[in-house]
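Here is the structure we will look at.
The values are calculated or read from the model by the stated rules, or taken from the named source; none is laboratory data. Not measured: the values here are computed from a predicted model. Here the Cβ is made from the backbone with ideal geometry for all residues, glycine too, and neighbour counts use every protein chain on show.
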């Protein structure tokens, strides 16, 4: 591999269950795990739902990462959550890949 300074740092974490309210604590945990990541892959395979307030916080978080030139990708998102992310505007700042089941 060598010491290529152009190599992106990729980190993967997951969101699960239900995310409600301001979601700051959830995002603080994500941020701690994703320190130094240029590409953040967030698995949503176990994510059931996100409420409106949490989605707003998530949108702000994702757009802040985009401003830092860091890529956010949500994977295995259920169709309902993916549609909600689209309506809220998260898909304008991050890749959202739906589950295929």
request  = Please work out if residue 26 is surrounded by 15 or more Cβ atoms within 10 Å (Cβ to Cβ) and over 17 Å from residue 83 (Cβ atoms).
outcome  = yes
request  = For residues that are part of a helix (DSSP H, G or I) and without any contact (Cβ under 8 Å) to a residue 24 or more places away in the chain, scanning just the range 54-69, find the one that is farthest from residue 88 (Cα to Cα).
outcome  = 67
inquiry  = Please go through the range 16-53 and give me each residue that is part of a loop (DSSP other than H, G, I, E, B) and more than 13 Å from the chain's Cα centre (by Cα), ordered by number.
reply    = 20, 21, 22, 35, 36, 51
request  = Select from the range 1-15 the residues that are part of a loop (DSSP other than H, G, I, E, B) and in contact with a strand residue (DSSP E or B) (Cβ under 8 Å, 6 or more places away or on another chain) and write down the one among them that is modelled with the highest pLDDT.
outcome  = 9
The range 79-101, residues that are assigned to a loop (DSSP other than H, G, I, E, B), over 11 Å from the mean Cα position of the chain (by Cα) and crowded, with 17+ Cβ neighbours inside 10 Å = none
ask   = Quick one: is residue 72 without any contact (Cβ under 8 Å) to a residue 24 or more places away in the chain, assigned to a strand (DSSP E or B), surrounded by 14 or more Cβ atoms within 10 Å (Cβ to Cβ) and on the phi < 0 side of the Ramachandran plot?
value = no
task = Would you point out which residue out of 36, 21 is touching a helix residue (DSSP H, G or I) at 6+ places or on another chain (Cβ under 7 Å) and loosely packed, with under 14 Cβ neighbours inside 10 Å?
result = 21
